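Here is the structure we will look at, set down as structure tokens.
What follows is calculated from the coordinates using simple rules that are stated; it is not laboratory data. Values in this document were obtained by computation on a predicted structure and should not be read as measured data. Glycine also receives a Cβ, built like all others from the backbone with ideal geometry; neighbour counts cover every protein chain displayed.
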Amino acid sequence: MKQPISTEAAPAAIGTYSQAIASAGLVFLSGQIPLDPSTMTLVSEDVAEQTHQVFRNLAAVAEAAGGSLADLVKLTVYLTDLGDFATVNEVMAEHVPTPYPARAAVGVAALPRGAAVEIEGIMVTGAARPAS
């Protein structure tokens, strides 16, 4: 069984996908690019500003699914310039608490709408959360 997750606080899907899908205590968050949800335009050309917006978008979808960025267990970061990796790390540390999720970073030739960064994630919810 899978349940689609949707919120107006994050950009609407610009293709044939859901913002997230919940299934078996996990939430699979689709890749977010740095679009302002109210205008559906890139927030800035600056990679740090783009990364902040990506994490705001991911947080909005996580919240709609009943969680937060603290519930992330895996992230995949896509960058058009791997030279921006350190900037993404700095911004991520401002949005995602420790322990940090597992993560991969991938260099790509291009991203939708000319974005410099896209991030997708997996989070745990409810009974799937480990006891603390």
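Just a few scattered comments:
- In a fully extended conformation the segment linking R103 and A86 would gain 4.7 nm over its present Cα-Cα distance, using 0.36 nm per residue.
- DSSP finds beta bridges in the chain, and of those with both partners inside it, around 75 percent are antiparallel.
- Under 13 Å, Cβ to Cβ, from A104 - net charge with Lys/Arg +1 and Asp/Glu -1: 0
- Here the peptides 36-45, 49-58, 83-92 are ranked by packing, the mean other Cβ count within 10 Å, and the order with the highest first is 49-58, 83-92, 36-45.
- The dipole here belongs to the chain: it is taken about the Cα centre, uses +1 on the Cβ of Lys and Arg and -1 on the Cβ of Asp and Glu, and is about 580 debye.
- The value of relative contact order for the chain, using C-alpha pairs under 8 Å at least six residues apart, is 31 percent.
- Listed residues V27, F55, T7: farthest to the positive end of the dipole of the chain (Cβ charges): V27
- When peptides 67-80, 6-19, 100-113 are sorted by average Cβ neighbour count within 10 Å, with the highest value leading, the order is 67-80, 6-19, 100-113.
- Computed from backbone phi, the HN-Hα couplings of the range 109-124 come to 6, 7, 10, x, 6, x, 5, 8, 9, 9, 9, 10, x, 10, 10, 9 Hz, rounded to whole numbers (Karplus: 6.51 cos²θ - 1.76 cosθ + 1.60, θ = phi - 60°; Gly and Pro given as x).
- By the helix-only formula, in which each DSSP H run with n ≥ 4 contributes -39500 (n - 2.57) and the sum is divided by residues, the chain has a 222 nm mean residue ellipticity of -7000 deg cm²/dmol.
- With semi-axes defined as the square roots of five times the eigenvalues of the C-alpha gyration tensor, the equivalent ellipsoid of the chain measures 23, 17, 12 Å, largest first.
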